Amino acid sequence: SFTAQASQVIYAGGAIRSGIEMARLGRQLAELDVEKNRQEVRFLLAGYYLDLCKLQNQSQVIDRNIELTEKVIGQMKARREQGTVLKNDITRYELQRQSLVLAKTQVDDARKIIRHQIATTIHLPEGEEFEVEELSYDDAALRHDETLWQETASGNNIDIRQASVATELAGQKVRNTRAASLPSVAVVAENNLFGPYTADLIPKNSNVNVWFIGIGVRYNLSSIWKNKHDIRKAKHEQTQARESVRLAREGVENGVQACYTNLLTSTVEVQTQEKQVELADQNYAVVRNRYDNDLALLTDMLDASNMKLSADIALVNARINMLYNYYKLKYLTHTL
């Protein structure tokens, strides 16, 4: 015997369409997950890179101060030969130089660690060197107001987009669950072919071919009692998904507001530190001139030098902090 069956569903209460839509939304969620991971990796690399730029700038500042200290020591040794400077004064400046050399070593070691972390993250071959350039930023972007950043975040933030897609997916689940309470209608075609009956002593010639085409209706009676609970559950999940969208928007809005405020604060901090560096340089020049003319003590000279070093490093840190807040804003708006 041989039997062939074929059927084509023409109505399933919307289950087929909702199933296709659920598959499409599931793929969209997966693509958003990939994009979110990409943004996270970019922000991680931006953080590493900013740390590396900060350490590199600190190293340059320390190098300049070491060079300046060695120049002062050379002048003191010349004045020592003239009998106008005590050896103790030279020793104190040599101690300061050693402190700067130690700080330089610590910064260079920290740079090695960060460079290794960057190379590991982007899977560079071991031992391969790469150049580091200071990250730039768009001055026009810093002048954007908070409203523009909020609008950008609302349209691009992946968490909000994922929550919105999850809400659509929950709605399709409700439709799919409701479809189980409806009958399924299909066009059915079947062909049955029976050959001779040979199991008896005398074979019987019973070749028969039966075929038919019709409409098939299927309905699960148990859905009358069971499916209402599934529908109620699907509706609760849809409500939770809508609430997740609202919470995601609130979280992103608060994050953008806080980060934008920090960006404004860091911008003012950079301007303040630039002024402090200018004042520290002027103070150092005045104190050094007075010291060269025996009008200031060595402690005044050391204080001025330390003040200059602190101001230079504080300016470097303030600029990197401003860049970090800028790139964090781009990360929150997922426009990295």
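The values are calculated or read from the model by the stated rules, or taken from the named source; none is laboratory data. Nothing here was measured: the structure is a model prediction, and the numbers come from that model. Every residue, glycine among them, receives a Cβ derived from its backbone with ideal geometry; neighbour counts consider all protein chains shown. Note: areas computed on protein heavy atoms with side chains; ligands, DNA, RNA excluded. Shrake-Rupley method; radii C 1.70, N 1.55, O 1.52, S 1.80 Å.
Per the listing Ile231, Ile224, the residue uniquely of a type in the set (Val, Ile, Thr), outside any loop (DSSP other than H, G, I, E, B), touching a residue at least 40 places away in the same chain (Cβ under 8 Å) and surrounded by 13 or more Cβ atoms within 10 Å (Cβ to Cβ) is Ile231.
Among residues of segment 62-78 that are free of Cβ contacts under 8 Å to residues at least 40 places away in the same chain and part of a helix (DSSP H, G or I), those with a beta-carbon under 7 Å from a residue that is among the hydroxyl-bearing types (Ser, Thr, Tyr) and surrounded by 13 or more Cβ atoms within 10 Å (Cβ to Cβ) at least six positions away or on a different chain give the pairs Ile73/Tyr93; Met76/Tyr93. Residue check: is Gln271 closer than 30 Å to Ser305 by Cα, in contact (Cβ under 8 Å) with a residue 12 or more places away in the chain and open to solvent by 80 Å² or more (accessible area, probe 1.4 Å)? Spelling it out, it is not the case that Gln271 is closer than 30 Å to Ser305 by Cα, in contact (Cβ under 8 Å) with a residue 12 or more places away in the chain and open to solvent by 80 Å² or more (accessible area, probe 1.4 Å).
Look at (1) without any contact (Cβ under 8 Å) to a residue 24 or more places away in the chain; (2) open to solvent by 20 Å² or more (accessible area, probe 1.4 Å) and you find that Val287 fails only one, number (2).
As for segment 158-179, it holds at least one residue that is modelled with pLDDT under 90, hydrophobic (A, V, I, L, M, F, W, C) and touching a Gly at 6+ places or on another chain (Cβ under 9 Å).
Restricting attention to segment 11-58, the residues that are in contact with a strand residue (DSSP E or B) (Cβ under 9 Å, 6 or more places away or on another chain), in a helix (DSSP H, G or I) and buried (at least 17 other Cβ atoms within 10 Å of the Cβ) total 1.
Any chance segment 88-99 includes a residue that's modelled with pLDDT of 85 or more, closer than 19 Å to Arg319 by Cα and open to solvent by 60 Å² or more (accessible area, probe 1.4 Å)? The answer is no; no qualifying residue exists. When Ser266 is tested against (1) within 30 Å of Gln150 (Cα to Cα); (2) open to solvent by 20 Å² or more (accessible area, probe 1.4 Å); (3) of a type in the set (Ser, Thr, Tyr), exactly one condition is not met: (2). With respect to being assigned to a helix (DSSP H, G or I), within 30 Å of Arg80 (Cα to Cα) and open to solvent by less than 40 Å² (accessible area, probe 1.4 Å), Leu302 fits the description.
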